[in-house]
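Student: Please read through the structure below; I'll follow up with questions.
The values are calculated or read from the model by the stated rules, or taken from the named source; none is laboratory data. A quick note: this is a predicted structure, and the numbers were derived from the prediction, not measured. Cβ coordinates were reconstructed from backbone atoms using ideal geometry, including for glycine residues, and neighbour counts include every protein chain displayed. We work out accessible area using only protein heavy atoms, side chains counted, and drop any ligands, DNA or RNA first. Shrake-Rupley method; radii C 1.70, N 1.55, O 1.52, S 1.80 Å.
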Amino acid sequence: MAAAVNRVTQNLVLIMLGCAVLRISAFSTTYLNYVKPGFRPFLIGAGAVLMILGVAGLIQAWRPGKGSPGAEAHGHDHAHGGPRVAWLMCLPVFAIFMIAPPALGSFAAARSETPPPRSQALTAFTPLSGDGPVDMPIGEFIGRAWDDDSRSLTGRAVRLTGFVVPSKKKGQWYVTRMQIACCAADAFPLKVAVKGIQAPPPDTWVEVTGTWIPQTFGKMPNGVVYPQLSGTDLMKVDTPDEPYE
């Protein structure tokens, strides 16, 4: 009897895990807080498989006349710790259903250092067209600021979207976006120092408009150096469905 209860418990946990994975991937965009969009089909598939395995296990455990007395006794001998360990798997389920951990924010960005900008081919930067502010990913702004010999940002108004990270330097703050290669575990911050506009509260998502402040040094100094933006306009916005670049 105890072995049957253990099997029921373990299969219920599988079903709960499957439901949690499907909830964040198939029925919402919460999964984007943790992984890149391309992983959605794999998450949906994993959630479906967990649910199917759990349901199949329940059917097998509840099937009348299943197993022999000897097999049931053997299961009893080795299953005392089964349910306790299995219930630990419910912790991530409760976290997803009850507190839904958000995307990484200012705390993670303040504790991480941006890697040096990658060298890019000059042809990777197309000329900026139009007369108004150009909506631009923060990563592209950083690339143009450091690697574009044509200095296409000079005098051009751009609009960057990200969350606010305080700066230790007086008179500036960072508009920031986390970039991931695979999942939130490998995320690192992309930061642009904003000057001329008072900083909103940390973690506030904003659209900040301004112009690039060209660097005055001839050679990239040692350490982490962030490109600068002279802000002219600021608007608070909702957290985007896809918070990472």
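Student: Given the criteria under 24 Å from Arg151 (Cα atoms) and among the small types (Gly, Ala, Ser), does Ala193 qualify?
Tutor: Against the criterion (under 24 Å from Arg151 (Cα atoms) and among the small types (Gly, Ala, Ser)), Ala193 qualifies.
Student: Quick check on Val164: is it in contact (Cβ under 8 Å) with a residue 40 or more places away in the chain and touching a strand residue (DSSP E or B) at 6+ places or on another chain (Cβ under 8 Å)?
Tutor: Answer is yes for this residue.
Student: Quick one: would you say Ile180 is under 27 Å from the mean Cα position of the chain (by Cα), among the aliphatic types (A, V, I, L, M) and either farther than 28 Å from Asn33 by Cα or crowded, with 16+ Cβ neighbours inside 10 Å (or both)?
Tutor: Criteria met by Ile180.
Student: Specify the residue that is most open to solvent (accessible area, probe 1.4 Å); the eligible residues are those in the stretch 129-150 that are farther than 16 Å from Lys191 by Cβ and acidic (Asp, Glu).
Tutor: This residue is Asp131.
Student: Take the residues of the stretch 31-43 that are surrounded by fewer than 17 Cβ atoms within 10 Å (Cβ to Cβ) and among the hydrophobic types (A, V, I, L, M, F, W, C): which is farthest from Tyr244 (Cα to Cα)?
Tutor: So, considering only residues that are surrounded by fewer than 17 Cβ atoms within 10 Å (Cβ to Cβ) and among the hydrophobic types (A, V, I, L, M, F, W, C), the one farthest from Tyr244 (Cα to Cα) is Phe42.
Student: Further question on the same structure: Of everything in the stretch 151-176 that's in contact with a Leu (Cβ under 7 Å, 6 or more places away or on another chain) and surrounded by fewer than 21 Cβ atoms within 10 Å (Cβ to Cβ), which residue is modelled with the lowest pLDDT?
Tutor: Looking at residues that are in contact with a Leu (Cβ under 7 Å, 6 or more places away or on another chain) and surrounded by fewer than 21 Cβ atoms within 10 Å (Cβ to Cβ), I get Ser152.
Student: Give the stretch 203-225 a look and list any residue that's in a loop (DSSP other than H, G, I, E, B), at pLDDT 90 or above and open to solvent by less than 70 Å² (accessible area, probe 1.4 Å), or say none.
Tutor: If the condition is that a residue be in a loop (DSSP other than H, G, I, E, B), at pLDDT 90 or above and open to solvent by less than 70 Å² (accessible area, probe 1.4 Å), then Thr204, Pro214 are the ones that fit.
Student: For the stretch 29-47, name all the residues that are touching a helix residue (DSSP H, G or I) at 6+ places or on another chain (Cβ under 7 Å) and free of Cβ contacts under 8 Å to residues at least 60 places away in the same chain.
Tutor: Tyr31, Arg40, Leu43, Ile44, Ala46, Gly47
Student: Kindly evaluate Leu234 against the criterion of being of a type outside the set (D, E, K, R), open to solvent by less than 30 Å² (accessible area, probe 1.4 Å) and part of a strand (DSSP E or B).
Tutor: The answer is no for Leu234.
Student: Also, I was wondering about something else. If I ask for residues that are touching a strand residue (DSSP E or B) at 6+ places or on another chain (Cβ under 8 Å) and of a type outside the set (Val, Ile, Thr), which ones from the stretch 1-59 would you list?
Tutor: Hits for the stretch 1-59 are Tyr34, Lys36, Phe39, Leu43.
Student: From the list Ala20, Ala3, Ala46, pick out the single residue that is surrounded by 13 or more Cβ atoms within 10 Å (Cβ to Cβ) and modelled with pLDDT of 85 or more.
Tutor: From the options Ala20, Ala3, Ala46, the qualifying one is Ala46.
Student: Residue by residue through the stretch 1-51, note down the ones that are among the polar types (S, T, N, Q) and assigned to a helix (DSSP H, G or I).
Tutor: Passing the criteria: Asn6, Thr9, Gln10, Asn11, Ser25, Thr30, Asn33.
Student: Against the conditions (1) at pLDDT below 80; (2) open to solvent by 60 Å² or more (accessible area, probe 1.4 Å), where does Thr126 fall short? Just the number, please.
Tutor: Of everything listed in (1) at pLDDT below 80; (2) open to solvent by 60 Å² or more (accessible area, probe 1.4 Å), Thr126 misses just condition (1).
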